[in-house]
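Quick notes on the structure that follows.
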Amino acid sequence: MPRILLVKTSSLGDVVHNLPLVNDIRRHAPHAQIDWVVEESFADIPRMHPGVRKVMPVALRRWRRSLRDPNTRAEICVALRLLRADRYDAIIDSQGLFKSAIVARAARGICYGLDWRSSREPLRPFYERTFRVPWGQHAVTRNRSLAAQALAYATDTAADYGIVASPRVLEWLPAGRYAVLLHATSADAKLWPEAYWIELHNYLFLNNIFCILPWGSDAEHARSTRLAAAMRNAQVPSRLPLEDMAVLLANAQLVIGVDTGLTHLAAALNAPTLGLYCATDPAATGIHGCARALNLGNTGAPPAVREVIAAAQRLGAL
């Protein structure tokens, strides 16, 4: 029974893009035990996959700000003990950064990673074997290719994310059909204009679909509140933990989101999803391999509201 450790720590979208490796590996080795190292704030994502045996959270982002703190050092020691509790037949670092390579090297087993032409940082000394994964492919394809080369199998099937949200009911959520509007992202250039969101809401309102506007930071909360004030049937929930967010997304009539990890999570959960791209090329990091999802727009070419409505109709969500 092979033991495999996946190292993909962050960010949210990147962790989602790594999920298809689990089903790929299990298809090749049905009895494989698959563990995963991930940043603590994203640990609920691999936990949603029934093929992941053990999720090992780390806090690299938080630890590096307080390395002199005894509590931080104690946490690191606990994480290292957990990481080294098993010996792995293969440790696959698909993150391809110094921080992930250090984590992979700390585990016990044979480390596999990207070669010098395929990663942004020179990581060859951290791995027993490296593989070339050409740039220009979608992130999901690159992740799958690395694991397939490391474990000597073919990726001849469509990407399968394999996750399922909790069956719990969100008691605060009103009855009826709803759309989730993921308007917030890390860079202003990726934002879709607020006037477009309001115009889109007007169409959804006429189709008896109310809107939910989640948020994750104070600035995002202010934007959600501002948008909701201009809408006739919209709700700004309290800040949702990732597990609750997954439930919200999975049960939506429609999810519409800019280039942000939650949009990828919605598509991976098989919710009808539209990804709106204003400053990035979806060919590289857009929604990938999801039957009920479409990418709209491109660098410097945000989609018009009419395009979004037409795409939602093509998905059968309206």
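The values are calculated or read from the model by the stated rules, or taken from the named source; none is laboratory data. Just so you know, these numbers come straight off a predicted model, no measurement behind them. Cβ atoms come from the backbone with ideal geometry, glycine included; neighbour counts cover every protein chain shown.
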message: I'd like the full set of residues that are buried (at least 18 other Cβ atoms within 10 Å of the Cβ), touching a strand residue (DSSP E or B) at 6+ places or on another chain (Cβ under 9 Å) and not in a helix (DSSP H, G or I), limited to segment 110-155.
response: C111, Y112, G113, L114, S118, S119, L123, Y127, T130, V133
query: Just one of A222, A283, A301 is modelled with pLDDT under 95 and more than 18 Å from Y178 (Cα to Cα); which is it?
result: A283
- prompt: If you go through segment 254-267 one residue at a time, do you hit one that is in contact (Cβ under 8 Å) with a residue 60 or more places away in the chain, hydrophobic (A, V, I, L, M, F, W, C), over 17 Å from A312 (Cα atoms) and assigned to a helix (DSSP H, G or I)?
  reply: yes
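From the set of residues in segment 243-294 that are acidic (D, E) and more than 19 Å from A139 (Cα to Cα), which is surrounded by the fewest Cβ atoms within 10 Å (Cβ to Cβ)? Give the steps one after another, and end with the answer.
Step one: of segment 243-294, the residues acidic (D, E) are 243-244, 259, 281.
Narrowing the set further to residues that are more than 19 Å from A139 (Cα to Cα) leaves 243-244.
Numbers: E243: 15, D244: 20.
Checked segment 243-294; the qualifying residue surrounded by the fewest Cβ atoms within 10 Å (Cβ to Cβ) is E243.
What do you reckon, is V38 part of a helix (DSSP H, G or I), under 15 Å from the mean Cα position of the chain (by Cα) and at pLDDT 95 or above? Spell out the reasoning first.
On the way: part of a helix (DSSP H, G or I): no; under 15 Å from the mean Cα position of the chain (by Cα): yes; at pLDDT 95 or above: yes.
Against the criterion (part of a helix (DSSP H, G or I), under 15 Å from the mean Cα position of the chain (by Cα) and at pLDDT 95 or above), V38 does not qualify.
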query: What are the residues in segment 171-209 that are free of Cβ contacts under 8 Å to residues at least 12 places away in the same chain and over 14 Å from N233 (Cβ atoms), if any?
result: E171, D188, A195
- prompt: Quick check, is S224 over 22 Å from D44 (Cα atoms), in contact (Cβ under 8 Å) with a residue 40 or more places away in the chain, of a type in the set (S, T, Y) and in the same structural domain as I287 (by TED's automatic domain parsing)?
  reply: yes
message: Can you tell me which condition R53 does not meet? The list is (1) surrounded by fewer than 17 Cβ atoms within 10 Å (Cβ to Cβ); (2) assigned to a loop (DSSP other than H, G, I, E, B); (3) touching a residue at least 12 places away in the same chain (Cβ under 8 Å), and all the others hold.
response: (2)
field: Only one of L240, L294 that is touching a residue at least 12 places away in the same chain (Cβ under 8 Å) and part of a strand (DSSP E or B)
entry: L294
- prompt: In segment 184-206, how many residues are part of a loop (DSSP other than H, G, I, E, B) and surrounded by fewer than 15 Cβ atoms within 10 Å (Cβ to Cβ)?
  reply: 3
